[in-house]
1. Need the list of aspartates and glutamates near Lys121 for cross-linking: C-alpha distance under 13 angstrom, and skip anything on the same chain fewer than eight residues off.
2. How much area per residue is accessible in segment 59-127 when the probe is 1.4 Å and only protein heavy atoms are counted (Å²)?
3. So how much slack lies between Phe7 and Thr72, counting 0.36 nm per residue of separation and subtracting their Cα-Cα distance, in nm?
4. Using a 1.4 angstrom probe on heavy atoms only, work out the carbon and sulfur share of the accessible area of the chain in %.
5. Does segment 1-66 classify as rounded, prolate or oblate by the C-alpha gyration tensor (a ≥ b ≥ c root eigenvalues; a/c under 1.5 gives rounded; else a/b over b/c gives prolate, otherwise oblate)?
6. Can you give the Kirkwood hydrodynamic radius for the chain, in Å, rounded to one decimal and based on Cα pairs?
7. So, in nm, how far is label Gln126 from label Leu97 when the simple model puts each one 7 Å beyond its Cα toward the Cβ?
8. Which GluC sites (Glu not before Pro) does segment 1-94 hold that lie in a coil by DSSP with at most 16 other beta carbons within 10 Å?
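The values are calculated or read from the model by the stated rules, or taken from the named source; none is laboratory data. Small disclaimer: the values here were computed from a predicted structure and weren't measured. Neighbour counts run over all protein chains shown; Cβ positions are idealised from the backbone, glycine included. Calculation scope for accessible area: heavy atoms of the full protein, side chains included, ligands and nucleic acids excluded. Shrake-Rupley method; radii C 1.70, N 1.55, O 1.52, S 1.80 Å.
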Amino acid sequence: MTDMEGFTLLEVLVAIAILGIAITVVLQLFSANLRAVSSSDDYVSAVMKAEARMREILDDEKLTERSWSEATDDGYRIDVSVSDTSKERTENLQVRLLKIDMTLRWTKGTKERSLTLRTLKVANKQI
């Protein structure tokens with residue numbers, strides 16, 4: 001009787017199946033990571049665009065209570081709302097408090113994404 005060394009066909013098939021499952025899991029993890037990086041890149045670009053537009057609004061000395069929407073050349077839609085807030089607290093002061101809400105919307109693939117920024121601005125009362 002001779003001792004035969006080596007693997008049986010069943011052992012080889014089981015090893016290949018386990019290897020295939022492991023490779024599939026690793027590739028799915030990489031794919032999910034790439035999607036997350038792409039999504040975060042979109043949000044970083046949107047935040048930069050929104051902050052720049054918010055600075056422009058805050059620099060406006062003649063800012064009044066109103067709402068408007070605008071579209072940018074690079075596919076963003078910006079909705080802005082400026083409202084007078086805390087009127088009872090500022091009625092005896094020479095300043096007023098303006099609340100600014102800005103929502104930036106964009107479409108990535110089939111999903112619509114959005115980002116909202118809110119801030120307050122102290123402005124002189126118009127006499």
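1. The qualifying aspartates and glutamates are Glu56, Asp59, Asp60, Glu61, Glu65, Asp84, Asp101.
2. 72
3. Fully extending the segment from Phe7 to Thr72 adds 16.9 nm.
4. 56
5. Working: a/c = 14.96, a/b = 8.30, b/c = 1.80.
Because a/c hits 1.5 or more and a/b exceeds b/c, segment 1-66 counts as prolate.
6. On the way: mean 1/r = 0.0512 Å⁻¹.
Result for the chain, one decimal place: 19.5 Å.
7. If labels sit at Gln126 and Leu97, their model points lie 2.2 nm apart.
8. On the way: sites: Glu5, Glu11, Glu51, Glu56, Glu61, Glu65, Glu70, Glu88, Glu91; in loops: Glu5, Glu61, Glu65, Glu91.
Sites meeting the loop and neighbour criteria: Glu5, Glu61, Glu65, Glu91.
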